[in-house]
Structure formats: C-alpha cells, structure tokens
Amino acid sequence: ADGAFRPSNLENMDSMLREITGPSIPADYQGKESYYTGRNVIVYAGRTESVPIRVPMPGTFVEFTIDKKAYDFGLEIVAFLDSGRSSSVELKKYAPFSQHSNKQDQYQDKILVGANSAPCMLQFRVVNP
C-alpha cells in the first residue's frame, strides 16, 4: 500500500508534506497523561463492554493493561476518526483474549496512534460471546 501512494498535490511542498506526515504539533501544546481505570468490570454473556479513550493528537502513545479474572473473552481496539477520511481504523483485530496475550491472565501493550488515525476516539471493546 505504501508503494502505491501518490500525493495529490505535487506542486505545493507544504501541503504535500502535511498530507504525508499529518498536521504538526502546535508549539504551545502541553502534553499530559490521562488515566482510565475500571476495576472488577463484569461483562455478562452475549454482551459487549466498550471503553472510549479520546486521542487528540497524532503521535500519542496509549498504554494499557487488561487482567482476566475468569473466562476468556474477545478483545478489539478500533479508532473512530474525527475527520471524514474513513469512519474507523481497526488497530487490534477482534480475537480471543488468549490470542492477544502470551500471558494467561494479563495483556499489556502500547499503541502509537499515528497521523492517519488521530484525532480520534479509541474504543476498547471486550466481548463475552
């Protein structure tokens, strides 16, 4: 896919670079950490629990840990974009928890939300089939 990319505006270097790299971070941007903690969240059979995480800037790292207390469940992470480029980007494909993690009861990971995926709303979806 990268080899097939052709910038839409080859005459204007600034707009071409913005198209390739995404918007630049403003000089007055104050980075800060945000935390979401859910403890003992129960997802009943046949239900889905979604946890929304707002990502305002490209280049944001999202670190997360999910602990499994009992039965296996499905997990996926989808980015719903603010712009009209496309409606969503699947960052982690839906799969059973055991396929995402090499540990039996915990899954830890870090996602870099790139220029094509931010600003967006990340949805961490836990599915109990």
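Overview of values
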{"item": "Built amide H within the under 5 Å cut-off of ASP109, gap 5+", "result": "PHE64"}
{"item": "Extension reserve of the ARG54-LYS110 stretch, reckoned as 0.36 nm per residue once the Cα distance is removed", "result": "18.6 nm"}
{"item": "Karplus (6.51, -1.76, 1.60) ³J(HN,Hα), θ = phi - 60°, over region 112-129, in Hz, Gly and Pro reported as x", "result": "9, 8, x, 4, 7, 10, 9, x, 7, 10, 7, 10, 8, 10, 10, 10, 9, x"}
{"item": "Gain upon complete extension [ASP67, PHE80; 0.36 nm per residue less C-alpha separation]", "result": "2.2 nm"}
{"item": "Note, ³J(HN,Hα) from phi for region 46-56, Karplus 6.51, -1.76, 1.60, rounded to Hz, x at Gly and Pro", "result": "x, 10, 10, 10, 10, 10, x, 10, 7, 10, x"}
{"item": "Long-range amide H partners of LEU91 with built H, under 5 Å", "result": "ILE77, VAL78, ALA79"}
{"item": "In Å², nearest 10: area of LYS68 left accessible to a 1.4 Å probe", "result": "40"}
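The values are calculated or read from the model by the stated rules, or taken from the named source; none is laboratory data. Because the structure is predicted, anything quoted here is derived from the model rather than measured. All accessible areas refer to the heavy atoms of the entire protein, side chains included, with ligands and DNA or RNA removed. Shrake-Rupley method; radii C 1.70, N 1.55, O 1.52, S 1.80 Å.
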